[in-house]
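A short worksheet on the structure shown next.
The values are calculated or read from the model by the stated rules, or taken from the named source; none is laboratory data. Fair warning: this is a prediction, and the values are worked out from it, not measured in the lab. All Cβ positions, even for glycine, are placed from backbone atoms using ideal geometry, and neighbour counts span all protein chains on display. Surface areas here come from the heavy atoms of the whole protein model, side chains and all, with no ligands, DNA or RNA. Shrake-Rupley method; radii C 1.70, N 1.55, O 1.52, S 1.80 Å.
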Amino acid sequence: MLTIELEGRKIKVPEGLTVIEALWDTGHDVKRGIGCLSGLCGACTVAYLEAGAQRVKFGLGCQTVVAEGMNVIMLPYFPSRMARYDMESMTSPLQELADHYPELATCNDCKACNICPEWIDVAGFVKTSREGGYESTAEKVMGCHMCGLCASRCPKSIAPQYVGLYIQRSCARQRPIPPNLAKRLEQMAVLAEDSEFAQVAALNQAELEVYCRKILDS
Amino acid sequence: MYPADLLKSLELVHSTRERRMAESLLRLEEQQRNELLKTYHPDYKDAAFRNLRVGANKGDRVTHEFADLLESFSDLDHARINLQPEFTTDVLVLGGGGAGVTAALFAESLGARVLLATKLRLGNSNTIMALGGMQASVAEEDSPLRHFADTMIAGNFAGSASLVKALVEDGPHIVKWLLDIGVNFDRNVLGNLATKKAGGLSAPRILSIGDHTGLNIMKVLKDEMRKSSRIELLEFTPAVELTTDADGACNGAILYDLGRRRHLAIQAKAVILATGGAGRLHNQGFPTSNNFGATGDAVVLAYRAGAGIEGMDSFQYHPTGVMFPDHMVGVLVTEAIRSLGAHLVNGNGERFVNELETRDLVAAAIIREVEGGRGVRTPSGKIGVWLDIPVLEELLEKGMLKKRFPSLFKQFRRVKIDITKRPLLIYPTLHYQNGGILIDERGESTVSNLFVAGEAAGGIHGRNRAMGNSLLDIFVFGRRAGLASAERRFAVPGSLSLNHVTRYYDRLKSLRISSVAKSPTLFPEFIVDKL
C-alpha cells in the first residue's frame, strides 16, 4: 500500500493505480472529468506534487500512476474565455483574430503556459500566432485535446487552446478544394453510377456477392 | 519500461526481425477464413450467447451482456415519475459525440430548435478516439462503387445494401462539408487529399489527420455547435428512458441530471438517439478501447420503446489493444500501423497471419496463438503477442513513426516505452458494436419519430466493420437523421407516456423474469482488479 494525499486527504491506496482508479477505489464517485480512459481526450487533467519535489506537475488522471507521497487533485476544468463566431460567414477569419482574441497581443512570452500534458510547445505556438505564423501554429496544435491547463497558468488570461483552434480552422478553410475531391464530386454529379446502383437494388444475396467480387476484379 | 522477462521475449523479436522482413505471408483462402473465425472469433463462441425472450426481436441471438440488459428493469419508477415536460423542443438529440453533434448541426440548419443532452462532457465519445481515419472514395483509382463492394464484402454481406449505398454515396460530400467547416485532412504535395490503404480495402481510401483524426474533427464540430443560439446543451444528463404518445410514436425522453440527482421529462417532435456503442459491457471479459460512457444505453431504450434491432450478436474485437502496462490494457493501437506493414509476432518470434487481413480474421488469429500457448505473459498474468512497430522504421524510413504517429508516440513516451525501438504487447480489444437499432436511409427506426445515428444504429457494417467506415458513418447518418428529424418540427407531439415501458415490464413479469440487473447501465461498475 502507498500513502498519498488525494483531493486534500491523506489516504492509503494499493500500488499500481492511476489517479482515477485511486479516486474510485477510495469512494470518490467521479464522473465529471472522466472520458476516454486512454489518454486521448483531455477530460481528466490532474495537478500533483511528487514526494520531496518543489514544482507542481500536470498530467492526465487516467495515465498518471500514483506513487508514494504524491499529493494530487483533479483539475478537469478551468474557466477561460471563448469567443463566439460563425466561421462560415467570415471571408478571412485570420484577419479577425485580434477582434476575437484581443488578449493575445498582451502576451509577454513568460512561457508559464508550457505545462502541456501532450508536450505541445504552447509558448511557441502563442508566439507564432502573435507574429502571423499561422500555418506553423495550426501544425503545432494538432495534438491539442483542449484540456485548458495552459490557460490556467496564463497571467494575462489568454486561452491558448481556443486561439489555436481558431487558427487551425481558419487555415483549413483557406486551402483550395483538393483536386481529387473536386473531380470525384464532378463525376458523381453526372449520375453515371446511379443507374449502376439501381441495378444493385434488384439483386438477390447471391447475385450481390458475384457483383461485388466482379467490381473488385475490374 | 518493460520488466526483465518481457525484455527477454523482446530479444527474440529483435533478433528475428531481419528474417521476418524477408517473409511474405499468403492471404487466407475462403475455407481457411471460415475455419479460423468459427474456431477462434468470440462471435462464434456459442456459450456467450442466448436468445432473447421478449420484445420485437424475440428469439434473436444476442450476447449475454445485452440479453441481461434487455431482460431487466430500470431504476426509474416509471409509474410515479412526473411526465410534465420541463423543456419542449423540436429535435431532441441524445449523445454528444460525432453523430449527435452532426445531427444537431444539420437539424439546426433547417431552422429546428435543438436540445442536445449528453451523459458526459460534450465531445467525450469514441469519436475523439478515432485514430486512423475515415473512408471516402476520393482517390483517382477509387469509386463509390468500389467502396460499396469493399464494405459489403467486409461485412460478409450482412449489411443492408441500401444503407451501404447511402454511406458510400454521401462519403465525398461529407468530406467537402468537413473541409468547409475547417477540418484539415492531410494532403499530398499536389494539394490532393492523401489516401491510405487499410485491411480489406481494394483502393487507398483512408483520409486522416495524423493519428488523431477524430480528435481534430470533434474539436471543430464542438466549436461549430456554439455558433447558434438555436442549439441548447445539457451535459452530464444521460437519457434513461424514451417517451411515447398514444400511438406508440416517440415524443421525448426522460433524462437524469447527474448533478442534481433528479429526472426531467423532455418533449420533442423527433428524437435522435446517438449514444454510441457498448464496449464498457466488456463482452466475455474482453478489455475495451471504448470511452467511459459506452454502455449500450441506446439499444436498451429503443428496444423497450418497440424498435427492431439487428446483429446484436456481432461485435468487432480490434486486433491490436494494448496488454502492457496494466493501466493501459484495452487502449487501441491504430490499424494504420498494420496497414503500413508492422508485423504481428508470437512468443516464438514467428509471424502467424497476413497483417492485412480484415480485423475479425486478425483478431481470431491472435486468439489462436494465445490459446495455443504461443503468447507472451506479463507479470500480472495477461497474455498477448507482439506488434513489431519498430520494423516500420526499417521498412519505410527512419523517424517516420514520430512524424506520422505523434499521438501513439506520446501515449507510450509517458510510460517510458519508445515505440521506435520497442514493440508493443497486444491482444484483441472490444472495439465496436457491428449491429444496432434498425434504421432506414433517413435514419429512422421502426418506431415513428425515433431516429438513430452512429454506432447505436445497425444494418450498415454487417458482421465486420472495415477500418474508417465508422467515422464516415457517424457523419453520413448523423446528417441524414438531423435533416429528416427537422422536417417533423411542425408536428404536434402528444402528451408524454411511458406506456411502452409498462407493457414491456408486464411481458417480463409474465415470463417470470425478475432480473437484478438495472438498465440502462449509464456507467460501468469498476472493479479495480489489481487489489
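Looking at the square roots a ≥ b ≥ c of the eigenvalues of the Cα gyration tensor of segment A:2-74, which shape do they give, rounded for a/c under 1.5, prolate if a/b is larger than b/c, or oblate? It is oblate, given that a/c is not under 1.5 and a/b is not larger than b/c. Taking amide H atoms as placed 1.01 Å from N in the peptide plane, the amide H of B:Ser497 lies under 5 Å from those of B:Thr244, each 5 or more residues away in sequence or on another chain. The Cβ shell under 11 Å around A:Gly39 holds other residues with a net charge of +2, Lys and Arg each +1, Asp and Glu each -1.
Largest to smallest in accessible area, the residues B:Met467, A:Met146 fall in the order A:Met146, B:Met467 (1.4 Å probe, all protein chains included).
If a/c stays under 1.5 just call it rounded; otherwise compare a/b with b/c (prolate if a/b is bigger, oblate if not). Do that for the protein assembly as shown, with a ≥ b ≥ c from the square roots of the Cα gyration tensor eigenvalues. Kindly include the intermediate steps, with their values, before the conclusion.
On the way: a/c = 1.16, a/b = 1.07, b/c = 1.08.
Judged from the Cα gyration tensor, the protein assembly as shown comes out rounded (a/c under 1.5).
Database remark: amide H of A:Val56 closer than 5 angstrom to no amide H (H placed geometrically; neighbours at sequence offset of 5 or more, or on other chains; Pro and chain starts carry no H). If one takes the longest principal axis of the Cα atoms in chain B, at what angle in degrees, from 0 to 90 and to the nearest 10, does the Cα axis of helix B:30-40 lie? Once rounded, the angle reads 70 degrees. Could you pull out every Cys in the protein assembly as shown that lacks a partner Cys with its beta carbon under 4.7 Å away? A:Cys44, A:Cys62, A:Cys107, A:Cys110, A:Cys116, A:Cys144, A:Cys147, A:Cys154, A:Cys171, A:Cys212, B:Cys250, each lacking another Cys Cβ under 4.7 Å.
Computed from Cα positions, the angle between helix A:179-189 and the longest principal axis of chain A comes to roughly 50 degrees.
Restriction of the GluC sites (Glu not before Pro) in segment B:389-483 to DSSP coil positions whose beta-carbon has at most 11 other beta-carbons within 10 angstrom yields B:Glu397. In terms of its alpha-carbon gyration tensor, segment B:1-54 comes out oblate; a/c meets the 1.5 threshold, while b/c is at least as large as a/b. Packing-based ranking of B:199-206, A:9-16 yields B:199-206, A:9-16, ordered from highest to lowest mean Cβ neighbour count within 10 Å. Coupling constants for segment B:343-351 follow from the phi torsions by the Karplus curve (6.51 cos²θ - 1.76 cosθ + 1.60, θ = phi - 60°), and in residue order they are 9, 9, 10, 8, x, 8, x, 10, 6 Hz; glycine and proline get x.
All other residues whose Cβ lies under 12 angstrom from that of B:Ser497 are scored, Lys and Arg at +1 and Asp and Glu at -1, for a net of -2.
Averaged over the residues of peptide A:38-48, the number of Cβ atoms from other protein chains lying within 10 Å of each residue's Cβ is 6. Computed from backbone phi with θ = phi - 60° and the Karplus coefficients 6.51, -1.76 and 1.60, the 3J(HN,Hα) list for segment B:324-329 is 8, x, 3, 6, 10, 4 Hz; x is used for glycine and proline. On the principal axes of its alpha-carbon atoms, segment B:403-531 has extents of 62, 41, 26 Å, going from largest to smallest.
The C-alpha atoms of segment B:192-292 occupy a region whose extents along the principal axes are 50, 43, 33 Å, arranged from largest to smallest. Remark: for residue pairs A:Lys140/B:Lys403; B:Lys176/B:Lys222; A:Lys140/B:Lys410; B:Lys45/B:Lys165, the C-alpha separation exceeds 21 Å in B:Lys45/B:Lys165.
Annotation: amide H-H contacts under 5 Å for B:Leu233 (H modelled 1.01 Å from N, sequence separation of 5 or more, or interchain): B:Leu116.
Stretched out straight at 0.36 nm per residue, the stretch from A:Leu185 to A:Asp217 would grow longer than its current Cα-Cα span by 9.1 nm. The 3J(HN,Hα) values that the Karplus relation (6.51, -1.76, 1.60; θ = phi - 60°) gives for segment B:388-402 are, in residue order, 7, 7, x, 4, 4, 5, 7, 6, 10, 8, 5, x, 5, 5, 5 Hz. Gly and Pro appear as x.
Mind checking segment B:69-127 for GluC sites (Glu not before Pro) that DSSP puts in a loop (not H, G, I, E or B) and that have at most 15 other Cβ atoms within 10 Å? Before the final figure, lay out each step's value.
Working: sites: B:Glu71, B:Glu86, B:Glu108; in loops: B:Glu71, B:Glu86.
For GluC sites (Glu not before Pro) across segment B:69-127 that sit outside H, G, I, E and B with at most 15 neighbouring Cβ atoms in 10 Å, the list reads B:Glu86.
The order of A:Trp24, A:Trp119, B:Trp386 by accessible area, most exposed first and with a 1.4 Å probe, is A:Trp119, A:Trp24, B:Trp386.
Taking the square roots of five times each eigenvalue of the Cα gyration tensor of segment A:87-174, the equivalent ellipsoid has semi-axes of 20, 14, 11 Å, listed largest first. Once the Cβ-Cβ distance of B:Arg20 and B:Asp186 is raised to the sixth power relative to R0 = 35 Å, the FRET efficiency obtained is 0.75. Summing charges over all other residues whose Cβ lies under 9 Å from the Cβ of A:Tyr162, with Lys and Arg as +1 and Asp and Glu as -1, gives 0. Computed about its Cα centre, the charge dipole of segment A:2-74 is approximately 220 debye, with only Lys, Arg, Asp and Glu carrying charge at their Cβ.
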